[in-house]
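The values are calculated or read from the model by the stated rules, or taken from the named source; none is laboratory data. These figures come from a predicted structure and were not determined experimentally. When we count neighbours, we look across all protein chains shown, and the Cβ atoms used for this are built from the backbone with ideal geometry, even at glycine.
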Amino acid sequence: MSGSLLDDVNKLLEELGKWELAKKNYENLEQVKEKVFEVNGCIYKVQCNLARIAPATQTNNNPMNKDDKQPNCFLCSNQRPKEQKRVPFKDYGIQINPFPIFPKHLTIPSNKHEPQLIASNNFARFDDMLDLAQQLDGFAVFYNGPKAGASVPSHFHFQAGNKDLFPIVNGDKEKWKYAIRIESKDKDGEKGMIKLFKAKYNSFSKEPDENEPMMNILTWYEKEKGQWTTCIFRRKKFRPACYDSLKEDKLLITPASVEMSGIFIAKRIEDFEKITKKDIADILNEVAEIQA
Ligand SMILES: [Zn+2]
């Protein structure tokens, strides 16, 4: 008999040792170097994570294809490495992310090859996100929009990682000026999280070539308070100019939910050594909208 969803996920993480690639990357994660900056009163860590160069190059540029299984989609069930086990949850499978940023890092793809759109089925996906955050105690769940850092925009997925490692979770909420922060003890109803999120979402403008307003989302649940918190980061741009620079100011930084929540990932040693507090401030300012 299986226990709670969290028990099953913890069991999955305990069995990590059977998957060589993931095991190696989780062991390496324990040794990664980190720098810490304070930017506008908020903590931003920089993690030197060289393994992350691999998922960044695993991309799929065919967002409109709606076939059930795609030959080049590594989130489709037929493409999964045989070592990658999953815990079923609704229409999803909870899997270990083999390229971790967190000691517990999950990828949660939908069973079907459907595009990355948080509003689909009248925000049912967002509803699922809240259920995941509530059931996976100790995790924060995050979503990267199709043009805001999703590694596979053609296949719907969330990720989750250790809640307490995201600086925004325990930071001073007044100071995180790039986050639209919503709190609610209810999921449904007039003051419920879904309705509040929907209202924000519908207030965002969208470019003609976009399927959804450009954004990252982080959600967590506090059991003690019985409350969800959702942070929406409105994006102006995905990659900062320094990403494409051919000069010495080049930084291979691709901001997504994790960066917006206070953890910048350097995929090359030179970027880790070079990046300054000013670079972080400039990148945030370039890619995200300040909230009033
Ligand atoms: Zn797929």
Any hit, the stretch 122-145, residues being small (Gly, Ala, Ser), at pLDDT below 95 and more than 13 Å from the ligand (Cβ to nearest atom): no
Exclusive hit being part of a helix (DSSP H, G or I) and either at pLDDT 90 or above or among the aromatic types (Phe, Trp, Tyr) (or both), set 9, 36: 9
Filtered residues of the stretch 233-292 (kept if among the hydroxyl-bearing types (Ser, Thr, Tyr) and not in a helix (DSSP H, G or I)): 245, 254, 261, 276
Residues within the stretch 105-119 that are within 16 Å of the ligand (Cβ to nearest atom) and assigned to a loop (DSSP other than H, G, I, E, B), tallied: 7
Matching residues, the stretch 134-156, being among the β-branched types (Val, Ile, Thr) and part of a strand (DSSP E or B): 141
All positions within the stretch 12-31 that are in contact with a strand residue (DSSP E or B) (Cβ under 9 Å, 6 or more places away or on another chain), of a type in the set (A, V, I, L, M, F, W, C) and either at pLDDT 95 or above or part of a helix (DSSP H, G or I) (or both): 12, 13, 16, 22, 29
Residue satisfying condition, being crowded, with 24+ Cβ neighbours inside 10 Å and either out of contact with any strand residue (DSSP E or B) (no Cβ under 8 Å at 6 or more places or on another chain) or in a strand (DSSP E or B) (or both), within set 216, 122: 216
Yes/no for residue 206 being over 30 Å from residue 37 (Cβ atoms) and away from the ligand (no atom under 16 Å from the Cβ): yes
Flag for residue 159 being in a strand (DSSP E or B), crowded, with 21+ Cβ neighbours inside 10 Å and within 16 Å of the ligand (Cβ to nearest atom): yes
